[in-house]
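Read the structure below first, then the notes.
The values are calculated or read from the model by the stated rules, or taken from the named source; none is laboratory data. All figures in this text were calculated on a predicted structure; none of them were measured in a lab. Using ideal geometry, Cβ is built from the backbone for each residue, glycine included, and neighbour counts are taken over all protein chains shown. Calculation scope for accessible area: heavy atoms of the full protein, side chains included, ligands and nucleic acids excluded. Shrake-Rupley method; radii C 1.70, N 1.55, O 1.52, S 1.80 Å.
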Amino acid sequence: MCKCSVIREMARGSKGKSGNDKEAKNESSSKSDNKQDLKTEHKTDKSDNGSGKSSESKADKISSLSTGSPTLSASSSCDEVKGAIGVVPPSSREKIQTLLGALFKNVKDIQVERDRAEHNLTNIHKTHEKMREEGKVTPYYRQKLKSLYSAATTDAEAEAEVIRSALDKIKEIKKLQEKSAKQKHDSGRPKQIMRRGVLMSQLQQNATTLPLWVSKPGESPPPLCGAVPADSNYISQPEDKVAARVKGQDGEENWILAEVVHFDAHTGKYEVDDVDAEEGKERHSISRRRVVPLPIWKANPETDPGALFPKKTLVLALYPQTTCFYRALIDEPPKKPLDDYSVLFEDTSYSTGYSPPLMVPQRYVIACKEDKKK
């Protein structure tokens, strides 16, 4: 049995399946000379340091900023803004400070736009109340409502534009932090190894902080937003997390969570590292067709439901508490921006051929091109 299968059985056993737990334990012990401690290298994720303090205000509740990224309220102090920077090189720190200052202004602008919109919405509500009291719709009320709704639409579009600007800044801050972490690693310091529980927590955090795509009116979600596939000529960049189909030491092929090291345009092959292995010890050189980019945006079920996999779709999903992707059926797609998929993994140990529903974030659910059930 391959490493992925052993880990998967261990994950299932942790949910109370004692029979499978024993099997996983026996199979796992046969691999103890290779993966007994299930340790991996630590890719420092400085994005976790991006959370600053926040105070209770309406600006804290910006729906499109509820992606796990740092939230800054209109009453936050300069020290709190600087505290979201983390430990990064001076040049990057200055850029992040500038971006955080602009983000701070965006948050205040969002509050201003919301206050303006609330005033118009209140007038709309009052006008409808007067119409109900009088029991008729006069030309005066019709014209007044038309003007109020037009103003409310303009206010909503203005607020959405500021939110998009704030999201862009958050994304840029995260990129700078990740770049700084990479430079720190390349400076010659040995890569730190983290315990498996820490790795699982980091993967969950990365899924939670995936930016939410906010479409403009009439705009379609871009490639790699939710279930929207990448363009045919898309090339994953170094440091990108991907699903990679690799051959293990036992000769069995599995889809694993990997990190791109390099893409050779001449050979058309990627070099990828297994995220659940020590540096260089499980590096794979594989063709481009064996690599599937992961989503870089979360799709909003309320505005872009078409960018999500519908119920009963066959997908590849990351099995909880592992770094391996397995075939599964969508049980229920997300209903709200922060919801995960409910999926049914293929599992012959169950009479139905599928596991009970398990929750998997959008970040780790991708299309499965294989149609036949194994």
By residue number, the members of the stretch 328-343 that are assigned to a strand (DSSP E or B) and not aliphatic (A, V, I, L, M) are Asp331, Glu332, Tyr341, Ser342
Which of the following residues is in contact with a strand residue (DSSP E or B) (Cβ under 8 Å, 6 or more places away or on another chain) and on the phi > 0 side of the Ramachandran plot: Gly218, Gly226, Gly251?
Gly226
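Rundown of residues vs (1) open to solvent by 60 Å² or more (accessible area, probe 1.4 Å); (2) at pLDDT 90 or above; (3) outside any helix (DSSP H, G or I); (4) in contact with a strand residue (DSSP E or B) (Cβ under 6 Å, 6 or more places away or on another chain), yes/no style:
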site	(1), (2), (3), (4)
Lys126	yes, yes, no, no
Tyr140	yes, yes, no, no
Glu157	yes, no, no, no
Ala160	no, no, no, no
Leu167	no, no, no, no
Glu172	yes, no, no, no
Ser180	no, no, no, no
For the stretch 142-155, name all the residues that are loosely packed, with under 15 Cβ neighbours inside 10 Å and closer than 24 Å to Lys216 by Cα.
Lys146, Ser147, Tyr149, Ser150, Thr153, Thr154
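Residues are listed down the side, and each one gets a yes or a no for (1) touching a residue at least 24 places away in the same chain (Cβ under 8 Å); (2) touching a helix residue (DSSP H, G or I) at 6+ places or on another chain (Cβ under 9 Å):
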{"site": "Arg289", "(1), (2)": "no, no"}
{"site": "Thr303", "(1), (2)": "yes, no"}
{"site": "Leu318", "(1), (2)": "yes, yes"}
{"site": "Thr323", "(1), (2)": "yes, yes"}
{"site": "Arg327", "(1), (2)": "yes, no"}
{"site": "Glu332", "(1), (2)": "yes, no"}
{"site": "Gly353", "(1), (2)": "no, no"}
Which numbered condition in (1) open to solvent by 20 Å² or more (accessible area, probe 1.4 Å); (2) under 23 Å from the mean Cα position of the chain (by Cα) is the only one that Pro356 fails?
(2)
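Restricting to the stretch 359-369, name every residue that is open to solvent by less than 50 Å² (accessible area, probe 1.4 Å) and assigned to a loop (DSSP other than H, G, I, E, B).
Of the residues in the stretch 359-369, the ones open to solvent by less than 50 Å² (accessible area, probe 1.4 Å) are 360-366, 368.
Once the filter is applied, which keeps residues that are open to solvent by less than 50 Å² (accessible area, probe 1.4 Å) and assigned to a loop (DSSP other than H, G, I, E, B), the stretch 359-369 yields Pro361, Cys368.
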Residue hits (the stretch 195-213; surrounded by 20 or more Cβ atoms within 10 Å (Cβ to Cβ) and of a type in the set (Val, Ile, Thr)) are Thr209
